[in-house]
Amino acid sequence: MEARTLVLMGRTGNGKSSTGNSIVGRNVFKTGFSFTSVTKECQLEQTTLKDGRIINVIDTPDECRDKQKKEVENISFLRSLFDKGKKDIEEYETKIDEISKECSKLEEEVMNLKKELKDAKD
Ligand SMILES: Nc1nc2c(ncn2[C@@H]2O[C@H](COP(=O)(O)OP(=O)(O)O)[C@@H](O)[C@H]2O)c(=O)[nH]1
Ligand SMILES: [Mg+2]
């Protein structure tokens with residue numbers, strides 16, 4: 001049966017570990033709000049769906065995306081679980097890059113709006 005592997009990546013506090021717990025149906029990833037990272041290293045957990053499919057969930061540290069990427073790449077036993085090898089990671093990274101670009105665009109728009117509002121007030 002084909003296994004699927006999900007890698008949870010993103011900024012601190014946006015719910016990666018909580019999402020991981022929901023997916024595997026157990027409280028295995030440490031969660032919580034903190035300015036310093038709660039998740040220190042990659043953690044792999046596995047669940048089996050009713051139809052027998054295996055879902056691997058990898059939680060990543062709450063730090064910058066480059067560190068997360070490195071952590072994932074460094075852990076060869078996790079890599080070996082990827083059913084399609086590196087392709088999964090690459091597809092995922094493409095999506096993350098797209099999302100990051102969107103986020104930067106949004107942040108820029110918000111900054112511009114704030115500036116416009118400030119200028120209007122002055
Ligand atoms: N309201 C709300 N809080 C959430 C949700 N997901 C996570 N949290 C809370 O946000 C905080 C950070 O979640 P966590 O899973 O540790 O985020 P991570 O840093 O991305 O791993 C915790 O206090 C969670 O309880 C959600 O969907 N809704
Ligand atoms: Mg976490």
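The values are calculated or read from the model by the stated rules, or taken from the named source; none is laboratory data. Remember, it's a predicted structure, so these values are computed and weren't measured experimentally. FYI the Cβ positions are ideal-geometry reconstructions off the backbone, even for glycines, and counts take in every protein chain you see.
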Matching option when the condition is under 13 Å from the mean Cα position of the chain (by Cα), in a loop (DSSP other than H, G, I, E, B) and either at pLDDT 75 or above or surrounded by 17 or more Cβ atoms within 10 Å (Cβ to Cβ) (or both), among Asp51, Asp62: Asp62
If we ask which residues in the range 1-45 are more than 12 Å from Ile55 (Cα to Cα) and either in a loop (DSSP other than H, G, I, E, B) or at pLDDT below 80 (or both), their number turns out to be 24
Count of residues meeting criterion [more than 13 Å from ligand 2 (Cβ to nearest atom) and among the hydroxyl-bearing types (Ser, Thr, Tyr)] in the range 1-21: 1
